[in-house]
Amino acid sequence: MNKAYKHNKKVSGHIQIVRCAVIIITGVSLLTLSLTGCKKLVEVNTPYTSTNSGNVYSNDANAIAVVTGIYAQMSSTTFSVNSSGIGTVSLFNGLSADEFNLYNGITNTPANFYYSNELTNSNAAGTDLWSAIYPIVFVTNAAIEGLMNAGSLTPAVKKQLIGEAKFMRAFCYFYLTNLYGNLPLAISTDYTINAELIRIPKDLVYQQIITDLKSAEDLLNENYVGGDAFTITTERVRPNKWTAAALLARVYLYTNDWGGAEQQATTIINNTNLFDTVSLNNNVFSKSSKEAIWQLQPVNIGQNTPDAWFFIIPPAGPNNSKPIYLSKSLLGSFEVGDQRRIDWINSVTVDTITYSYPYKYKSAKLNDPITEYSMVLRLGEQLLIRAEARAQQNNIIGATSDLNMIRHRAGLTNTDVHEKSALLAAIMHERQVELFGEWGHRWLDLKRTGTVDKVMSLITPQKGGTWNTTDQLYPIPLSELLMAPQLEQNAGY
């Protein structure tokens, strides 16, 4: 696919830079990060400091550490108005949509521009997700190539790690294409190929995502494995077969393959030995939750999750370091008696003004016991994926059954809608109140369902901005365009 989209000019800054640095990153930086931050997840000996990839993949421990370093990098993301890192999808997509309000003491920061939907190709510098995610793509490319050529690894470990790397590449490209549209698709570390890449249609990016996820499904262990990428564990921090299936179900939903989405979601929902929806008061987001399909283990010293550290507002109210609170639009979307409104939202009142904030994660004290892991994929989403896929196929009974499972868990009665269009709207509403604050679901849902203009044309003026339909894609960073002018900017920027 890459060769069909060649161009004579150089490719984007990060593609140029990372092609040169990827072996260094893979061989040293990520190994070091995994050693310092993920000791429970993987224990390895001191890694080779040589940048020779043959050293990196010469034994199981070092090869494992390369892939583990990707998770450590993701988990080490901290939230702020100037954050960077793939984990900030939850923050900046929530600001872009109708989920969050931004404390008015925060001015002239990237967060302000995400919030008012007034991004340019330069005012998000340092927080743009393009620059955060593409380097991970190149690490996965290097890992796949290195692992495929490694001859001294334990076969089961090698198979698992290749599956993990392919899953992670698909995960990265899923977010890149949903945030930026057409992309330069790099699936190699060969600079002679990467130097000629241009943006290709989103549909072709999805083809690669699906190819990677199908391969990952075949390669990954059915069980969750631990730090040695082989021994079965109860921890759900390394992707397995079901993790790939869960993301594939989402991808099929986004590409309107309703049958594929239903089938993939069903394989997970039916695996009751591993997965189950748990009651809200048993903490869906605990590290031992049976709802978890994939979680990130904490690596920041003394902390559980970045979500709790950033979103939980102190008694004095929001401030420059805790500036996010929930919008009236989101709060008004909860039905009377919805237990999620009680268990997943908390508030403080200052001078008669009440500020409500996400409270899915509850541990925000330094050196608290580790009780919560960051949730990336969970069963609740799969039930809503299958409900939507079934409704689109006119399986109204099946769709309402899945929807009602989520509603019952929230203490609500059965849905009272049974006509297709109304049922799809009810499912979208349920996604809004079930998945708020998680990995940009609301922002992506508004875009994929074609409702973003209707919603944001009302919401954006309330946030001090002016909505244009082109705002639904983020701009490619100016630094990328200066180094690679063949990467045409998204419309409107």
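The values are calculated or read from the model by the stated rules, or taken from the named source; none is laboratory data. Everything numeric in this text was worked out from a predicted model, so none of it was measured. Here the Cβ is made from the backbone with ideal geometry for all residues, glycine too, and neighbour counts use every protein chain on show. Just so you know, the surface numbers come from the protein's heavy atoms only, side chains and all, with ligands and any DNA or RNA stripped out. Shrake-Rupley method; radii C 1.70, N 1.55, O 1.52, S 1.80 Å.
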Does any residue in the range 275-296 that is crowded, with 18+ Cβ neighbours inside 10 Å come within less than 7 Å, Cβ to Cβ, of a residue that is outside any loop (DSSP other than H, G, I, E, B) and among the small types (Gly, Ala, Ser) six or more places away or on a different chain, and which pairs are these? Thr277/Gly380; Glu291/Gly380; Ile293/Ala246; Gln295/Ser374; Leu296/Ser75; Leu296/Ser374
Residues being more than 17 Å from the chain's Cα centre (by Cα) and open to solvent by 30 Å² or more (accessible area, probe 1.4 Å): count how many of those fall in the range 435-460. 8
So, restricting to helices (runs of 4 or more DSSP H) that lie completely within the range 60-137, which ones have at least 2 residues that are aliphatic (A, V, I, L, M)? 60-75, 89-96
Could you tell me whether Ala265 is within 16 Å of Glu381 (Cα to Cα), open to solvent by less than 10 Å² (accessible area, probe 1.4 Å) and touching a Leu at 6+ places or on another chain (Cβ under 6 Å)? no
Could you tell me which of the residues Pro184, Pro155, Pro239, Pro201 is more than 28 Å from Ser288 (Cβ to Cβ), modelled with pLDDT of 95 or more, buried (at least 24 other Cβ atoms within 10 Å of the Cβ) and not charged (D, E, K, R)? Pro184
Select, from Gln393, Gln432, Gln382, the only residue that is open to solvent by 10 Å² or more (accessible area, probe 1.4 Å), within 25 Å of the chain's Cα centre (by Cα), closer than 27 Å to Leu248 by Cβ and touching a residue at least 24 places away in the same chain (Cβ under 8 Å). Gln432
Please go through the range 220-247 and pick out each residue that is more than 14 Å from Lys287 (Cβ to Cβ), aliphatic (A, V, I, L, M) and touching a residue at least 12 places away in the same chain (Cβ under 8 Å). Leu220, Val225, Ala229, Ala244, Ala245, Ala246, Leu247
Can you name every residue in the range 123-182 that is hydroxyl-bearing (Ser, Thr, Tyr) and under 16 Å from Ile64 (Cα atoms)? Thr140, Ser152, Thr154
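Checking the conditions here, which among Ser116, Ser131 is open to solvent by less than 20 Å² (accessible area, probe 1.4 Å), among the hydroxyl-bearing types (Ser, Thr, Tyr) and touching a residue at least 40 places away in the same chain (Cβ under 8 Å)?
Exactly one residue qualifies, and that residue is Ser116.
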Pull out all pairs, ordered by first then second residue, where Cβ-Cβ is under 8 Å, the residues are six or more apart or on different chains, the first lies in the range 136-150 and is touching a residue at least 40 places away in the same chain (Cβ under 8 Å) and polar (S, T, N, Q), and the second is outside any helix (DSSP H, G or I) and open to solvent by 10 Å² or more (accessible area, probe 1.4 Å). Asn141/Ile187; Asn141/Ser188; Asn141/Thr189; Asn149/Tyr57
Here are some conditions: (1) open to solvent by 10 Å² or more (accessible area, probe 1.4 Å); (2) assigned to a helix (DSSP H, G or I); (3) closer than 20 Å to Gly163 by Cβ. Ala216 meets all but one. Which one does it not meet? (1)
Within the range 461-479, which residues are of a type outside the set (Ser, Thr, Tyr) and open to solvent by 70 Å² or more (accessible area, probe 1.4 Å)? Pro461, Gln462, Asn468
Where the second residue is of a type in the set (Asp, Glu) and surrounded by 16 or more Cβ atoms within 10 Å (Cβ to Cβ) and the first is under 20 Å from Gly380 (Cα atoms) and in contact (Cβ under 8 Å) with a residue 60 or more places away in the chain and lies in the range 408-428, which pairs have Cβ atoms under 7 Å and are six or more apart or on separate chains? Ala410/Asp338; Gly411/Asp338; Leu412/Asp338
Here is a list of conditions, (1) surrounded by fewer than 16 Cβ atoms within 10 Å (Cβ to Cβ); (2) in a loop (DSSP other than H, G, I, E, B), and Gly411 meets all of them except one; can you say which number that is? (1)
With the condition kept exactly as written, say whether any residue in the range 167-179 is touching a Leu at 6+ places or on another chain (Cβ under 8 Å) and among the small types (Gly, Ala, Ser). yes
Examine the range 459-477 for a residue that is in contact with a helix residue (DSSP H, G or I) (Cβ under 8 Å, 6 or more places away or on another chain), in contact (Cβ under 8 Å) with a residue 12 or more places away in the chain and within 29 Å of Asn273 (Cβ to Cβ), and state whether such a residue exists. no
Determine whether Ala399 is open to solvent by less than 40 Å² (accessible area, probe 1.4 Å) and modelled with pLDDT under 95. no
Before we move on, is His418 open to solvent by 30 Å² or more (accessible area, probe 1.4 Å) and either assigned to a loop (DSSP other than H, G, I, E, B) or modelled with pLDDT under 95 (or both)? yes
